[in-house]
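The values are calculated or read from the model by the stated rules, or taken from the named source; none is laboratory data. Everything numeric here is computed off the predicted structure, so don't read it as measured data. As a convention, Cβ positions derive from the backbone with ideal geometry for all residues, glycine included, and neighbour counts pool all protein chains shown. For the accessible areas, the whole protein counts, side chains as well, though only heavy atoms, and no ligand, DNA or RNA atoms are used. Shrake-Rupley method; radii C 1.70, N 1.55, O 1.52, S 1.80 Å.
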Amino acid sequence: MKKIAFVLAVLLLGVLLPVSAGAQTWSGPDFTLEIPDEFYQFTPSTPEDDPVWALAGIGDAAAKLKEYQEMGVLVELAPKEGGKALSLIRKQSDYAKSVFDLRLLSQEEQDKVLEELLQSNSESLTLGKSWFPVGDYLFYRVQLDLVPTGDEGTQTQELHELIYGTIINGYALNFHLFGNADPIEPEEARALEELVGSIQFTQVLDKPEVDMANLRNSLLLLGLMLAAVVAPLIYVPLKNKSDKKKKAQLAEQLSEYHKTHGPNEVEGQPLFANDTDCTKEAIHHFSMYQALVKNMSELIFGALTCVIMVSAAFLIDSEWWMKLAAVAVSGYYAYKLAFMPTSIEKIQRKVYGRGPSQTAHYVFYPEAFRVSGIQAASVVPYFQLTDLRRKGQYLYLYYGPDNAYMVDQYGFTQGEAEEFARFIGEKMRKQK
């Protein structure tokens, strides 16, 4: 009887004693948590058809999983008895990388981090911020209470939130208790505090030192990108300024010339005569030469800059935005290069389409030449020519950086092409 009485007493005592809730160890990327059995657990890998969603009162599992991905939720805990859910969110940012570990900061730097957390000037928002040590680690505690008053009350909903977080291993780890319009109860805050207190970091990294070689390469890449963008912005205005200066000098020379010569007066006997058909093919030929050959050195410089820039961006494993910028600058350069001949050809067709004929009639005299057909008859002194180029069957007599008279070497009706080339070349040399 004594033995039976003892067993009954033990059973009765077991019934009367409070039963402590069990806990499960949950493993994160480099830490563990002790999660009480009174919570349902949801992670981004929880299947959509898991019946636990329905037990927690969550109807749209797909929307929740999408929210987890967007917010960086590692795990969400929903109380089995109903109530506010707890979320653990992991965020990576340049700021977190620069801090890396709160424990490495000085007291002044830690105070600055706390001060910059969720600042607001609204009278309706109350922020409480403090430090919360967990063993050797340092967490911040932020309590947010938004209670709209006056006009704000018609536009903003009431909101309550409690956050425990830290920065470690170069990322921010935040425990969120979302109260929404319901204030956070003391027992809910204690549950979150106990969860935070159970964290154990299984891997703590040393803050990486600045890689000076990589920094130099990044600065070099940035310099190349700036050169590719800024160089044209500097070169083009300077080139335009130089061209304007030359045009002004030529205009002054032309004015002096007309003081002693009539509008269409030419001295001496004709030395050469030429008829050149300015067909679409001839204009296309000139446009390709102007776009891709005449300015070859500039094109090669730009192409090499882009190749070096893109290669460096990927070889040194630079930031994603630097890779994107390098590709974008190179893509824009390739686009301009591909469509440059077409743009020049459109302009040249307008230039050669203004006259009564597509055939240019040239008569060359000792000091000037007369041109007609593609324009009203006019006399052009040789000092107005700025450059002489030969490509294929054509001689290009430039009277500006982008415009030239086309002279077909097979179109001479008086004189020979080679003799004419030497004659014009001599005129160009005298001007320099």
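Amide H to amide H under 5 Å from F272: which residues, 5+ apart in sequence or cross-chain, H placed 1.01 Å off N in plane?
F364
Can you give me the % of accessible surface on the chain that is carbon or sulfur? Probe 1.4 Å, all protein chains present, nothing else counted.
Percent of accessible area from carbon and sulfur atoms in the chain: 57.
Charges on Cβ only, +1 for Lys and Arg, -1 for Asp and Glu, centred on the Cα centroid of the chain; of F39, M322, Q203, which one is farthest towards the dipole's positive end?
M322
Round to the nearest 10 and give me the degree value, 0 to 90, for the angle of helix 280-289's Cα axis relative to the longest principal axis of the chain.
60
Excluding residues fewer than 8 places away in the same chain, name every one of the aspartates and glutamates whose C-alpha is closer than 14 Å to that of K350.
Cα-Cα hits under 14 Å: D402.
Please report the net charge: other residues with Cβ closer than 13 Å to the Cβ of G353, K and R +1, D and E -1.
Every neighbour counted, the sum reads +4.
Using 25 Å as the Cα-Cα cut-off, could you pick out the over-long pairs in K294/K323; K259/K427; K239/K259?
K294/K323; K239/K259, as the Cα separations exceed 25 Å there.
Along segment 91-98, what does the Karplus equation 6.51 cos²θ - 1.76 cosθ + 1.60 (θ = phi - 60°) give for ³J(HN,Hα), rounded to whole Hz, x for Gly and Pro?
Each residue of segment 91-98 in turn: 10, 10, 7, 5, 5, 5, 5, 5 Hz.
Under the Karplus relation 6.51 cos²θ - 1.76 cosθ + 1.60, θ = phi - 60°, what is the ordered set of whole-Hz ³J(HN,Hα) values for segment 59-67, x standing for Gly and Pro?
With the stated coefficients, segment 59-67 comes to x, 10, 5, 4, 5, 5, 5, 5, 5 Hz.
Rounded to the nearest 500, what is the 222 nm mean residue ellipticity of the chain from helices alone, with -39500 (n - 2.57) per DSSP H run of 4+ residues and division by all residues?
Counting only the DSSP helices, I get -14500 deg cm²/dmol.
Specify which residue in the list L55, G223, L238 is farthest towards the positive end of the charge dipole of the chain, using unit charges on the beta carbon of Lys, Arg (+1) and Asp, Glu (-1), about the Cα centre.
L238
No solvent, one uniform scatterer per C-alpha: report log10 I(q)/I(0) for the chain via the Debye equation at q = 0.08, 0.11 1/Å, two decimals.
Summing over Cα pairs of the chain leads to -0.72, -0.96.
Once amide H atoms are placed 1.01 Å from N in the peptide plane, what residues at a sequence separation of 5 or more from Y399, or on another chain, have their amide H within under 5 Å of its amide H?
T386, A404, Y405
Where the only charges are on Cβ atoms (+1 Lys, Arg; -1 Asp, Glu), what is the dipole of the chain about its Cα centre, to the nearest 20 debye?
For the chain, the charge dipole is close to 2960 debye.
Go through K97/K207; K245/K391; K241/K336 and tell me which ones have a Cα-Cα distance over 20 Å in this structure.
K245/K391; K241/K336
In whole Hz and in residue order, list the ³J(HN,Hα) couplings for segment 108-120 that follow from phi through the Karplus curve 6.51 cos²θ - 1.76 cosθ + 1.60, θ = phi - 60°; x for Gly and Pro.
Here the 3J(HN,Hα) series is 5, 5, 5, 4, 5, 4, 5, 5, 7, 6, 6, 7, 7 Hz.
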